Amino acid sequence: MTLVGAGIKYSEFKMDEAATDFQKRLKRIGKRHARLEHGYVSVVGEDGLIITKPKRKSGGFPLRVLATLVLCFFGFKILLISQLGPEGYATRVDLLKTGTVIEQGGAWLLQADPVSLAVADGINKLTL
């Protein structure tokens, strides 16, 4: 049986379509395997079938690292205030304000804030 005006047999047409479908399936499987290379999680479905799913990428910037850095910075500042005392700490920060641009930026970051002063005072009361 030939298609009208096409000049090819129906069986040849079906074989070409099957080959195209097969290539699409191979491409889809290749993409799935590439995603699974970066880690996967095995999940048991409701029907008992074990399905492997690619691990989700964690979002951009690690928020936990940023929070840890901020807490360490404030801990360092509180430690300095409790060791030097508020007046001694203020004189050191004032000395930084007269330095280079980088030192002035450090002085701005290291300014004594009410929370740091209160926590340092609480630490001093506990250690006495």
I'd like the accessible area for T98: 1.4 Å probe, protein heavy atoms, all chains in place, Å² to the nearest 10.
110 Å²
Short version: ³J(HN,Hα) in whole Hz for each residue of the range 114-128, in order, from phi by Karplus 6.51 cos²θ - 1.76 cosθ + 1.60 (θ = phi - 60°), x for Gly and Pro, what are they?
x, 5, 4, 5, 5, 5, 5, 5, x, 5, 4, 5, 6, 7, 7
Loop sites only, by DSSP: take the GluC sites (Glu not before Pro) in the chain that have at most 12 other C-beta atoms within 10 Å and name the longest stretch containing none of them.
47-128
For the range 8-114, just list the percent of Cα-Cα distances falling in each 5 Å bin from zero outward, please.
2, 9, 9, 9, 9, 7, 6, 5, 5, 6, 7, 6, 5, 4, 3, 3, 2, 1, 1, 0
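Expressed in nm to one decimal, what extension gain is obtained for the pair R25 and K125 from 0.36 nm per residue of sequence separation less their Cα-Cα distance?
Details: separation 100, 0.36 × 100 = 36.00 nm, distance 7.09 nm.
Full extension from R25 to K125 adds 28.9 nm.
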Rounded to the nearest Å, the spacing of the alpha-carbon centers of the range 85-122 and the range 53-81 is 22 Å
Partner lysines for K24 [C-alpha distance under 16 Å; skip if fewer than 8 residues away on the same chain]
K14
Under 5 Å between amide H atoms, partner at least 5 residues away or on a different chain: which partners does Y40 have, H built in plane at 1.01 Å?
K55
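The values are calculated or read from the model by the stated rules, or taken from the named source; none is laboratory data. Quantities reported herein were computed from a predicted structural model and do not represent experimental measurements. Every residue, glycine among them, receives a Cβ derived from its backbone with ideal geometry; neighbour counts consider all protein chains shown. Areas reflect the complete protein model, heavy atoms only, side chains present, ligands, DNA and RNA absent. Shrake-Rupley method; radii C 1.70, N 1.55, O 1.52, S 1.80 Å.
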